[in-house]
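*Asks:* A single structure is presented below for examination.
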Amino acid sequence: VSSQPLYTNSRWIVNSKGQRVKLTCVNWVSHMDVMLAEGLNHQPVDAISKSIINMGFNCVRLTWPLYLFTNDSLSSITVRQSFKNLGLFSSILGLQANNPSIVDLSVLDAYKAVVASLAKNNVMIILDNHISKPGWCCSRFDGNGFFGDEYFDPHLWIQGLTKVAITFKATTNVVGMSLRNELRGPLQNVDDWYRYMQKGAEAVHAANSDVLIILSGLSFDKDLSFLHQRPVNLTFSGKLVFEIHRYGFTDGDTWSADNANQACGEVLNDMVSRGAFVLEQGYPLFVSEFGADQRGTNVNDNRYFNCFLGLAAELDFDWALWTLVGSYYLRDGIVGLNEYYGPGYAETRPHKNFIAAAIELGPCSEAEAWSYAPTKALIVLGTYFCLQADNKLGQPAKLSMICSDDGSKWDIISDSKMHLSSKLQDATSVCLDVDPNNVIVTQTCKCLSTNDTTCDPEASGSK
């Protein structure tokens, strides 16, 4: 964990010593109608801040609505009154029990208290302008989507960004500001994107030159492709980061309706061509929203998530998981609506990485490092040992110092690039898999037919 200032060095986020600082964040929703960080009716704010670190995150993407900092009549009401106005009387009781020091603060001061708690507990903070008018995000026609929409006055937006930058300038754990979430809607266009995002970036940097400036793309933050032809033009350097979002539902029912390997290849190519290419341009990439249904019953999400994690491991970008919360005070008119992308519905469900360990699948932190040689051999780094297929299906793969025969060559054979295939002595093609005891074995390659839309690559025997 590092406090500000952070900088960018080509595609990396670094500290003042030039050492990499990887943002491994979780989103904490604070932009909804009540204008208070979710969950404070269930736990004290310091307990939540401590739990974020204990869960392995080092950072929070804390959302905020523009009007919280630009509309005095909204920002000055107390938390208690905000909840009363929405009829959330049971939540008030929970707030009084768990956060008595917050319940009678103004909603603006309550937001500051949450930031202070995160900073005190050594959590880095990305302040994300999620929306203008408080409420759930996002739709194409909610009036919050693009510059010039009903609730999105670009001049007011710049005033709000400036105020936030100044307000938290002394909070050293505020390491970045994400200027606007998921630009979208019928008014969106590239010229206005450059016009206003560059103005917003300059305004934030002028108010607080220490924070990272994080810019989102178009089409619900899926598309930065316009940067291929036209770079951002700013007066400062060493602070610019780009962000994108991706979920299973981003691509409709592609994951459950199509061949999973083919879908993985297509979606990853799209993510790279429309977003992740900025890494090659020399800018850090912050995937500031991704996640999956934690109940484990959503086939679309399950397939997407395994594919996404493969790209995350390969590109090593910075990220923020959606979301910390398990339910909302009020969302879509429903009190206490469950958030199935939150940790309250987490299940123990391992995601296989079939070359993560030497011979047995194990924690990445305890595993040997491997390289994929030009000869197509999988070699344990620092050794002469390579992975070799046994001569029978279903048998464990083994280590060998003979790395030139067919059984030691592993070809990438699917669109997802997650099938590694070798050949047995009888020329039978096999793929890597894991047995019920977490032992790496070789099995018949599956899920390769583009006509097969039901096969699950994650299931045992399908690698």
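The values are calculated or read from the model by the stated rules, or taken from the named source; none is laboratory data. Computed from a predicted model, the values in this text were never measured in an experiment. All Cβ positions, even for glycine, are placed from backbone atoms using ideal geometry, and neighbour counts span all protein chains on display. For the accessible areas, the whole protein counts, side chains as well, though only heavy atoms, and no ligand, DNA or RNA atoms are used. Shrake-Rupley method; radii C 1.70, N 1.55, O 1.52, S 1.80 Å.
*Asks:* Quick one: dipole size for the chain, taken about the Cα centre, charges +1 on Lys/Arg Cβ and -1 on Asp/Glu Cβ, in debye to the nearest 20. Present the calculation step by step, with values, prior to reporting the outcome.
*Replies:* On the way: 36 positive and 48 negative charges, 220 e Å.
I would put it at about 1060 debye.
*Asks:* Kirkwood hydrodynamic radius of segment 1-102 from all distinct Cα pairs, in Å?
*Replies:* One decimal place: 15.8 Å for the Kirkwood radius.
*Asks:* A further question follows. Could you order 8, 172 by accessible surface area, starting with the largest, using a probe radius of 1.4 Å?
*Replies:* The most accessible residue leads, giving 172, 8.
*Asks:* Moving on to the next point. With the crude spin-label approximation of a point 7 Å out along Cα→Cβ, what separation in nm comes out for residue 438 versus residue 400?
*Replies:* Simple spin-label model gives 2.7 nm for this pair.
*Asks:* If you take the C-alpha gyration tensor of segment 209-350, multiply each eigenvalue by 5 and take the square root, what semi-axes do you get, largest first, in whole Å?
*Replies:* Output for segment 209-350: semi-axes of 28, 20, 13 Å.
*Asks:* Sorted by packing (mean other beta-carbon atoms within 10 Å per residue), highest first, where do 304-315, 258-269, 27-38 land?
*Replies:* Taking the mean over residues of other Cβ atoms within 10 Å, the ranking is 27-38, 258-269, 304-315.
*Asks:* If you don't mind, another one. By per-residue mean of other Cβ atoms within 10 Å, what is the highest-first order of 193-200, 329-336?
*Replies:* 193-200, 329-336
*Asks:* Roughly speaking, to the nearest percent, how much of the chain's 1.4 Å accessible area is carbon and sulfur?
*Replies:* Numbers: 9760 of 19180 Å².
Carbon plus sulfur share of accessible area: 51 percent.
*Asks:* Suppose the chain between residue 454 and residue 427 were pulled fully straight at 0.36 nm per residue; how much longer would it get relative to their current alpha carbon spacing? Provide the component values of the computation, followed by the final result.
*Replies:* Values: separation 27, 0.36 × 27 = 9.72 nm, distance 2.77 nm.
Additional length available on full extension: 7.0 nm.
*Asks:* Shifting gears a bit: What whole-number value in Å² describes the accessible area per residue of the chain for a 1.4 Å probe?
*Replies:* Value returned for the chain: 41 Å² of accessible area per residue.
*Asks:* Rounded, prolate or oblate: which fits segment 95-153, taking a ≥ b ≥ c as square roots of the Cα gyration tensor eigenvalues, rounded meaning a/c under 1.5, else prolate when a/b beats b/c?
*Replies:* Note, shape of segment 95-153 comes out prolate.
*Asks:* Follow-up question, since we're still on this one. With the cut-off at 26 Å, tell me which of the pairs 423/446; 17/169; 22/50; 22/133; 22/446 have Cα atoms farther apart than that.
*Replies:* Violating the 26 Å Cα-Cα cut-off are 22/133; 22/446.
*Asks:* Continuing with the same structure: Residue 141 versus residue 380, label points 7 Å from Cα toward the beta carbon: distance in nm?
*Replies:* Once both label points are built, they end up 6.2 nm from each other.
*Asks:* How much FRET efficiency would the formula 1/(1 + (r/R0)^6) give for residue 359 and residue 237, where r is the Cβ-Cβ distance and R0 is 60 Å, rounded to 0.05?
*Replies:* 0.80
*Asks:* Something else: When only Cα pairs under 8 Å and 6 or more residues apart are kept, what is the percent relative contact order across the chain? Walk me through the numbers before you get to the answer.
*Replies:* Working: 976 pairs, mean separation 62.8, N = 463.
Relative contact order comes out at 14 percent.
*Asks:* Right, next: How big is D for segment 48-180, in µm² s⁻¹ as a whole number, if Stokes-Einstein is applied with the Kirkwood radius of its Cα pairs at 10 °C and 1.306 mPa s? Show your work: numbers first, answer last.
*Replies:* Details: Rh = 15.9 Å.
Roughly 100 µm²/s, to the nearest whole number.
*Asks:* Now, a different point. Relative to the compact globular guide of 2.2 N^0.38 Å, what is the alpha carbon radius of gyration of the chain, as a ratio?
*Replies:* Numbers: Rg = 24.0 Å, N = 463, 2.2 N^0.38 = 22.7 Å.
Compared with the compact-globule rule of thumb, the chain sits at 1.06.
*Asks:* Right, another one. I want to make sure I understand the PRE zone here: with the label point 7 angstrom from the Cα of residue 391 toward its beta carbon, which residues in segment 420-434 have backbone N atoms less than 15 Å away?
*Replies:* Answer for segment 420-434: 423-428.
*Asks:* Hey, another quick one. Suppose the chain between residue 96 and residue 309 were pulled fully straight at 0.36 nm per residue; how much longer would it get relative to their current alpha carbon spacing?
*Replies:* Contour length minus Cα-Cα distance gives 72.7 nm.
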